[in-house]
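Please read the structure below before turning to the comments.
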Amino acid sequence: MQRFLILIILFFFTLTAQAQFFLAGAHFNGSSSVGKLKSEAGSVFFPTLSGFMLYEFEQAPIQIGLDLGYGLYGSKLEKRTDLYAGFNDELRLRRNNHLATGFITIRYLPLVQAKFTPFLEAQFGANYLFTNYLIRATIEDKPIEKDVDHRDWSIAYRVGAGIQIPLPFLDERTKMEFKTTYQTSNSIRFLTKGDVTYLPDEGIFDYNFRRGPLEFLTFSIGIVVYDLFY
């Protein structure tokens, strides 16, 4: 996973060394499981924030760049008195489920000079999912114990389409962007909220893993700024 992300970053910096026309933006994304993921792992929702930077070629209606995202798709707090043998004070057990993404993005703009700018998009990259826990006496205290329960990653592909709408009350270089994306990937094991149970008699966690390809439909809304370094 680390080597893959390094290759993506090196690719992007190689591009920026040669490029002159950039645009960048940020999205709020909501992704819902469909297809095999829904049938094998049930309904799962992934909220994420993502940022992207693209270079638009001067002689072709094509943009290429990098998209990075992160989201917390589940958090559960338990207050327990049975986490450690012989210790009965109430402790806070917090478990968080994380999703990090990195994708190379290619866009095609069929109408470059139009007021409303539609685009088609293809992405190739990776998803990294991990679940961690923290045990603390109070929310202000340092963790007594913390660790990662599980981590896994997958290669993924995305295709989508969207439209950019000008915002006349802002700078003419700034537009609002809406898009819809379909993603699929190889199979991956992951945890969601409520998939881990603590067994006090044994002093261990019981994991109910979900498995399936990360196949979901994503709806995004965001802001994009053209001529970033103008």
Answer with yes or no whether Arg136 is surrounded by 13 or more Cβ atoms within 10 Å (Cβ to Cβ) and more than 25 Å from the chain's Cα centre (by Cα). yes
Take the residues in segment 89-101 that are of a type outside the set (A, V, I, L, M, F, W, C) and crowded, with 20+ Cβ neighbours inside 10 Å; name whichever of them is nearest to Ile144 (Cα to Cα). Arg95
What residue, among those in segment 67-86 that are of a type outside the set (Ser, Thr, Tyr) and not in a strand (DSSP E or B), is nearest to Leu217 (Cα to Cα)? Leu83
Tell me which residues, restricted to segment 23-66, are outside any strand (DSSP E or B), closer than 28 Å to Asn96 by Cβ and not hydrophobic (A, V, I, L, M, F, W, C). Gly35, Lys36, Lys38, Ser39, Glu40, Gly42, Ser43
Flag for Leu167 being aliphatic (A, V, I, L, M) and over 16 Å from Gln63 (Cβ atoms): yes
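Working carefully through the options Phe209, Phe205, Phe190, Phe216, find the one that is touching an Asp or Glu at 6+ places or on another chain (Cβ under 8 Å) and crowded, with 20+ Cβ neighbours inside 10 Å. Step through it out loud before you land on a result.
Details: Phe209 fails: crowded, with 20+ Cβ neighbours inside 10 Å; Phe205 fails: crowded, with 20+ Cβ neighbours inside 10 Å; Phe216 fails: touching an Asp or Glu at 6+ places or on another chain (Cβ under 8 Å).
Every option except Phe190 fails the conditions.
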Tally of residues being surrounded by fewer than 17 Cβ atoms within 10 Å (Cβ to Cβ) and in contact (Cβ under 8 Å) with a residue 40 or more places away in the chain across segment 112-133: 5
If you go through segment 37-48 one residue at a time, do you hit one that is within 18 Å of Phe216 (Cβ to Cβ), β-branched (Val, Ile, Thr), crowded, with 18+ Cβ neighbours inside 10 Å and at pLDDT below 95? yes
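If I filter segment 139-155 down to residues being modelled with pLDDT of 90 or more and in a loop (DSSP other than H, G, I, E, B), which single residue comes out as surrounded by the fewest Cβ atoms within 10 Å (Cβ to Cβ)? Steps first, answer last, please.
Here is the first cut: in segment 139-155, the residues modelled with pLDDT of 90 or more are 142-155.
Of the ones still in play, those that are also in a loop (DSSP other than H, G, I, E, B) are 142-144.
On the way: Lys142: 8, Pro143: 13, Ile144: 14.
Looking at the filtered set, the residue picked out is Lys142.
If you go through segment 172-183 one residue at a time, do you hit one that is aromatic (Phe, Trp, Tyr), touching a Lys or Arg at 6+ places or on another chain (Cβ under 8 Å), assigned to a strand (DSSP E or B) and under 25 Å from Arg94 (Cα atoms)?
No.
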Leading residue by the ranking (surrounded by the most Cβ atoms within 10 Å (Cβ to Cβ)) among those in segment 64-88 that are without any contact (Cβ under 8 Å) to a residue 40 or more places away in the chain and more than 30 Å from Leu23 (Cβ to Cβ): Tyr84
Right, Leu170: of a type outside the set (D, E, K, R), farther than 29 Å from Leu77 by Cβ, surrounded by fewer than 16 Cβ atoms within 10 Å (Cβ to Cβ) and out of contact with any Gly (no Cβ under 9 Å at 6 or more places or on another chain) or not? yes
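The values are calculated or read from the model by the stated rules, or taken from the named source; none is laboratory data. A quick note: this is a predicted structure, and the numbers were derived from the prediction, not measured. Positions of Cβ are backbone-derived with ideal geometry, glycine not excepted, and every protein chain shown enters the neighbour counts.
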